[in-house]
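This report refers to the structure that appears directly beneath it.
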Protein chains: 2
Amino acid sequence: MGSDTKTALLDLAEYTVRSRGFDGFSYADLANAFGIRKASIHYHFPTKANLSEALIERYQTRFQCRLTDIASANATAGARLRALVALYREALHEGQTVCLCVAFSSSRESLSETVISRLGMFRSMVLQWITAVFELGQTDNTILALHQPKQEAHATLAMLEGAHIAARAEQDITLFDAATFILNARCLVHTSSGHSTL
Amino acid sequence: MGSDTKTALLDLAEYTVRSRGFDGFSYADLANAFGIRKASIHYHFPTKANLSEALIERYQTRFQCRLTDIASANATAGARLRALVALYREALHEGQTVCLCVAFSSSRESLSETVISRLGMFRSMVLQWITAVFELGQTDNTILALHQPKQEAHATLAMLEGAHIAARAEQDITLFDAATFILNARCLVHTSSGHSTL
DNA sequence: GTCTATAGAGAGATAGAC
DNA sequence: GTCTATCTCTCTATAGAC
C-alpha cells in the first residue's frame, strides 16, 4: 500500500457500505480489493464497529465542510438549495451509492450505540443547515411558495434521501432528477425585484 | 403451528426484513421465533431467494388493494393523498419498520433478478397511482399549488420513503410527521368553491 | 504493517428418518 | 411437515512469526 493505507481502506469501505449496506460488506471484500489479508485490516480497524465509527465521523466532517463551502460560494437561498440538490446528486454516483446516512439507517440493528448517536447528530446538522437556508429564503425571496422553514427542511431532507433510494433501487439517476425537479424549479438563483412570486 | 405455517412465516419474515434489512435476518431467526428448526423453514421456502420473491409478490398485491380501497373510500384528490400519507405512517409501526420497497432497495446486491424486477414494478404501480391522484387534484382543486402531476408524484413518493428512513433512523415517528406536514397541509379533504388557493 | 494459521460462530442448504 | 445430522462456506476476530 501507499503512504496512507488507512485512508484508502476508509475510502473503499465507505463506497462499499453505501452500495451494499453495512451487513452486505465484509473485511474479506476489502482485503481482496487491496490484495492484502483480512488480518492486516484488523490492524488498522480492530473491529467492524471501530471501522463504522471512523466512517461516520469522517463523513460528518466532510459533509459539514461541503455545506459550509456551499454557503460561501452561493449568496442566495435559491442558489444554496440548488447546490445542495447537486451535492446529493453527485453523492449518488450514477445510482450506485446512497448517502452513508441512508445506508446506516437501513442497518440500524447491526450498529453500535456510538454510530447510532452520530447518525442522529448528522441528521440534526443537515436539518439545521437546510432550515437556515429556508429562513434566508424568506428574506431574499429566492425560493418560491415558502412559508414554514423548519417543516420545509424536514420535507426536503426526506425527499433527497428518498430520491437516493429511488434512484438506487433501479440504478437510474433520472429518477433522482424526477423526484427533485419541482424543488429545483422553486429555486431562483439570483435575487430579482424582491417580491414573492406566489 | 396452526393451519397456515407458510403465512405465519411470511408475516414474521416481512416484519424482520423491514426492520433489519434483507441481509440482517436469517432462517435461524425465524426458526427460533416459532420454536421449530431451520430445516422446516426450508420445506416451505427452499431458498432465501424463494422467500424474498414470495414476500415482494404478496406485498405488491396487498399494497395495490390498499390503494384501490383508498380511492373507493375517498372522493377527492386531497382526501386520497392524506389517506396515502396515513397508510405510510401506519406502515412505519412507530419507527420499527420501513416499507418493504425501501428495505429491499437498500440490499439490492443480495437480491435475485426476479425480486429486483418486481421492485421496479412495485414503484411504477405506486407512482402511477399517485400521478392519477394529482391529475384528479388539478380537476377538483383539493390539492394546493399543484402544477405538474407526474413530477409531484415522483417527489411525493421520494418524500414518503425518505420520511420512513428518517423516522426509522431515530425510531421516532414524529420525524415522519414533520417531513409530511407540508404535504398534508396542501390537501383539502372536501371540495369547496373550486378556486385555487395560491 | 503485513503475514500464516486458526478459532468459533453463524450463514444457507441438503439428506434421510419419522 | 417437522425432525436430526451434517455439509460447506463465510463471517469477525485473535495469536504470534517476520
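The values are calculated or read from the model by the stated rules, or taken from the named source; none is laboratory data. None of the values given here were measured: they were computed from a predicted structure. Ideal geometry is used to build each Cβ from the backbone, glycine not excepted, and the neighbour counts take in all protein chains shown.
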query: Out of all the residues in the range B:150-174, which are crowded, with 24+ Cβ neighbours inside 10 Å and touching a residue at least 40 places away in the same chain (Cβ under 8 Å)?
result: B:Thr156, B:Leu160, B:Glu161, B:Ala163, B:His164, B:Ile165, B:Ala167, B:Arg168
task: Taking only the range A:19-36 into account, find how many residues are near DNA strand D (Cβ under 8 Å from one of its atoms) and outside any helix (DSSP H, G or I).
output: 2
query: Out of (1) in a helix (DSSP H, G or I); (2) farther than 21 Å from B:Ser106 by Cβ, the odd one out for A:Leu146 is which?
result: (1)
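So, A:Ala49, is that one free of Cβ contacts under 8 Å to residues at least 24 places away in the same chain, in a helix (DSSP H, G or I) and within 10 Å of DNA strand D (Cβ to nearest atom) or not?
The answer is no for A:Ala49.
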query: Name the residues in the range B:13-42 that are touching a residue at least 40 places away in the same chain (Cβ under 8 Å), more than 10 Å from DNA strand C (Cβ to nearest atom) and among the charged types (D, E, K, R), would you?
result: B:Glu14, B:Arg18
query: Tally time: how many residues in the range B:97-143 are hydroxyl-bearing (Ser, Thr, Tyr) and not in a loop (DSSP other than H, G, I, E, B)?
result: 7
query: Does the range A:81-90 contain at least one residue that is part of a helix (DSSP H, G or I), within 14 Å of chain B (Cβ to nearest Cβ), among the basic types (Lys, Arg) and more than 17 Å from B:Arg108 (Cβ to Cβ)?
result: yes
task: Would you check which residues across the range A:160-185 are closer than 17 Å to B:Phe122 by Cβ, facing another protein chain (nearest Cβ under 7 Å) and of a type in the set (D, E, K, R) and list them?
output: A:Arg168, A:Glu170
field: Residues satisfying the stated conditions in the range A:77-105, i.e. of a type in the set (S, T, N, Q) and either modelled with pLDDT under 95 or surrounded by fewer than 22 Cβ atoms within 10 Å (Cβ to Cβ) (or both)
entry: A:Gln96, A:Thr97
- prompt: Taking B:Ala79, is it over 22 Å from B:Gln128 (Cα atoms), touching a Ser or Thr at 6+ places or on another chain (Cβ under 8 Å) and hydrophobic (A, V, I, L, M, F, W, C)?
  reply: no
query: Hey, does the range B:61-76 have a residue that's more than 15 Å from DNA strand D (Cβ to nearest atom), outside any helix (DSSP H, G or I) and either β-branched (Val, Ile, Thr) or in contact with a Gly (Cβ under 8 Å, 6 or more places away or on another chain) (or both)?
result: yes
